[in-house]
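The values are calculated or read from the model by the stated rules, or taken from the named source; none is laboratory data. In this text, all values refer to a predicted model and were calculated from it rather than measured experimentally. So basically every Cβ, Gly included, is an ideal-geometry build from the backbone, and we count neighbours across all protein chains shown. The accessibility values were calculated without ligands, DNA or RNA, using every heavy atom of the protein model including side chains. Shrake-Rupley method; radii C 1.70, N 1.55, O 1.52, S 1.80 Å.
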Amino acid sequence: MSQVLVAFAGLPGVGKSTLAARVGVARSAPVLPVDPIERAMARFGLVGDVPGMAAYGALAGLAEVQLGLGLSVVIDAVNPVASARGLWYDLAERAGVPLRVIEVHCGDEAEHRRRVEARLPAEPDPLTPTWDQTLLRRAEFEPVIGPRLVVDTSVDIDPLPAILTYLT
């Protein structure tokens, strides 16, 4: 299998992490989620837009190390704005590997809401968004421009075969 940088994008609760994990297993590639980095930064009082972009920068640094080892890498992040997604384009170019963007949606709003609400922890966690916060993020989500595979996780068809074909 040829080396590739895979960047998932989409709102919380659409199924990105599940798909990213499945792609990582299928490709024997490390899956690098941004959430643990954001949580670690928050434990040290670093929250907000600037630390959020710093988390993406840290993730890009980790991905660059893995790409330098000759591995493919799967990025699991919301990637809500063009500047965040730009990190992956720049990294792929520096590393000399193709970038494959996978934009994940849940076309059934009731199902999407159910998924988001099912993820809410017993203890309040400011980094686990409520449905209202997810709607705010949707309003701020900048359109993904350029080549990508769009996956609707509300459709009752396993998207993994199509994703793996897109990655080759």
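What do you reckon, is GLU109 open to solvent by 60 Å² or more (accessible area, probe 1.4 Å) and within 27 Å of ARG39 (Cβ to Cβ)?
Details: open to solvent by 60 Å² or more (accessible area, probe 1.4 Å): yes; within 27 Å of ARG39 (Cβ to Cβ): no.
Spelling it out, it is not the case that GLU109 is open to solvent by 60 Å² or more (accessible area, probe 1.4 Å) and within 27 Å of ARG39 (Cβ to Cβ).
Name the single residue that is farthest from PRO159 (Cα to Cα) among those in region 87-106 being open to solvent by less than 20 Å² (accessible area, probe 1.4 Å) and in contact with a helix residue (DSSP H, G or I) (Cβ under 9 Å, 6 or more places away or on another chain). Don't jump to the end; show me each part of the working.
Taking region 87-106 as the starting set, the residues that turn out to be open to solvent by less than 20 Å² (accessible area, probe 1.4 Å) are 88, 91-92, 97, 101-104, 106.
Then drop every residue that is not in contact with a helix residue (DSSP H, G or I) (Cβ under 9 Å, 6 or more places away or on another chain), which leaves 88, 91-92, 97, 101-102, 104, 106.
Numbers: TRP88: 22, LEU91: 26, ALA92: 24, VAL97: 23, VAL101: 14, ILE102: 11, VAL104: 10, CYS106: 12 Å.
That would be LEU91.
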Note to self: Here is a check on your reading of the model: is LEU127 open to solvent by less than 90 Å² (accessible area, probe 1.4 Å), within 24 Å of ALA63 (Cα to Cα) and at pLDDT below 90?
What the structure shows: yes
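When you go through GLY15, GLY70, GLY24 one by one, which is the residue that is at positive phi and touching a strand residue (DSSP E or B) at 6+ places or on another chain (Cβ under 9 Å)?
Details: GLY70 fails: touching a strand residue (DSSP E or B) at 6+ places or on another chain (Cβ under 9 Å); GLY24 fails: at positive phi.
That would be GLY15, the only listed residue that is at positive phi and touching a strand residue (DSSP E or B) at 6+ places or on another chain (Cβ under 9 Å).
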Margin query: I'm trying to understand the selection: among the residues of region 139-168, which are within 15 Å of the chain's Cα centre (by Cα), closer than 22 Å to ARG22 by Cα and in a loop (DSSP other than H, G, I, E, B)?
Written below: ARG148, THR153
Item checked: Number of the condition not met by PRO33 [criteria: (1) touching a Ser or Thr at 6+ places or on another chain (Cβ under 7 Å); (2) closer than 17 Å to ARG137 by Cβ; (3) of a type outside the set (A, V, I, L, M, F, W, C); (4) surrounded by 19 or more Cβ atoms within 10 Å (Cβ to Cβ)] -> (4)
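Considering region 112-131 alone, what residues qualify as being acidic (Asp, Glu) and part of a loop (DSSP other than H, G, I, E, B)? Give the derivation first.
Filtering region 112-131 for residues acidic (Asp, Glu) gives 117, 123, 125.
Scanning region 112-131 gives GLU123, ASP125.
Looking at GLY52, GLY15, GLY45, can you tell me which residue is of a type outside the set (A, V, I, L, M), open to solvent by less than 70 Å² (accessible area, probe 1.4 Å) and touching a residue at least 60 places away in the same chain (Cβ under 8 Å)? Outline the logic, then answer.
Details: GLY52 fails: touching a residue at least 60 places away in the same chain (Cβ under 8 Å); GLY45 fails: touching a residue at least 60 places away in the same chain (Cβ under 8 Å).
Step by step, each of GLY52, GLY15, GLY45 is checked, and only GLY15 is of a type outside the set (A, V, I, L, M), open to solvent by less than 70 Å² (accessible area, probe 1.4 Å) and touching a residue at least 60 places away in the same chain (Cβ under 8 Å).
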Next item on the list: With the condition kept exactly as written, say whether any residue in region 74-82 is touching a strand residue (DSSP E or B) at 6+ places or on another chain (Cβ under 7 Å) and farther than 25 Å from GLN133 by Cα.
Entry: yes
Check: Of everything in region 21-30 that's open to solvent by less than 50 Å² (accessible area, probe 1.4 Å) and assigned to a loop (DSSP other than H, G, I, E, B), which residue is farthest from THR165 (Cα to Cα)?
Finding: PRO30
Notebook entry, point to check: Taking region 141-163, which residues are touching a residue at least 24 places away in the same chain (Cβ under 8 Å), among the aliphatic types (A, V, I, L, M) and open to solvent by 50 Å² or more (accessible area, probe 1.4 Å)?
Noted result: ILE145, VAL150, VAL155
Checklist line | Matching residues in region 76-111 - criterion: being touching a residue at least 12 places away in the same chain (Cβ under 8 Å), assigned to a helix (DSSP H, G or I) and closer than 26 Å to ALA42 by Cα | finding: ALA82, SER83, ALA84, ARG85, LEU87, TRP88, LEU91
